[in-house]
1. For the chain, state which chymotrypsin sites (Phe, Trp or Tyr not before Pro) are in a DSSP loop and have at most 14 other beta carbons lying within 10 Å of their beta carbon.
2. Note down the nm distance, to one decimal, between modelled labels 7 Å out along Cα→Cβ at Lys45 and at Glu28.
3. Calculate log10 I(q)/I(0) of segment 2-65 for q = 0.18, 0.28 Å⁻¹, where I(q) comes from the Debye formula with a single equal point scatterer on each Cα and nothing for solvent.
4. Count neighbours as other Cβ atoms within 10 Å of each site's Cβ, and list the trypsin sites (Lys or Arg not before Pro) in segment 26-66 that are DSSP loop with at most 15 such neighbours.
5. To the nearest Å, what is the center-to-center distance of segment 1-26 and segment 30-66, using C-alpha atoms only?
6. Using only Cα atoms, tell me the angle between helix 48-65 and the longest principal axis of the chain; keep it within 0 to 90° and round to the nearest 10.
Amino acid sequence: MKKWSGCSSESKKCLFCNKLTSDYITYEVDGIELKISTHYECNKKDFTKEAKQVFRNIKQIVREEN
């Protein structure tokens, strides 16, 4: 799984403080991206464990569909 932070030209609400931000954290596995809008100073939690579970659930759904 890849994880990186970045800054976008569009603003969205921060997951934690609900104020506008252009900062984000992205998790990616096999072409599936999970992007969380959050200020760098607001992000106090590492979402790696939760992101892995989300990716497993998505992959399971795709397998069941085929």
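1. Numbers: sites: Trp4, Phe16, Tyr24, Tyr27, Tyr40, Phe47, Phe55; in loops: Phe16, Tyr40, Phe47.
For chymotrypsin sites (Phe, Trp or Tyr not before Pro) across the chain that sit outside H, G, I, E and B with at most 14 neighbouring Cβ atoms in 10 Å, the list reads Tyr40.
2. Modelled inter-label distance: 2.5 nm.
3. Each listed q corresponds, in turn, to -0.68, -1.17.
4. Details: sites: Lys35, Lys44, Lys45, Lys49, Lys52, Arg56, Lys59, Arg63; in loops: Lys44, Lys45.
Loop-located and lightly packed - Lys44, Lys45.
5. When both Cα centres are located, 14 Å separates them.
6. It works out to around 40 degrees.
Bear in mind that the values in this text are calculations on the coordinates, not laboratory data. None of these values were measured; they are calculated from a predicted model. Ideal geometry is used to build each Cβ from the backbone, glycine not excepted, and the neighbour counts take in all protein chains shown.
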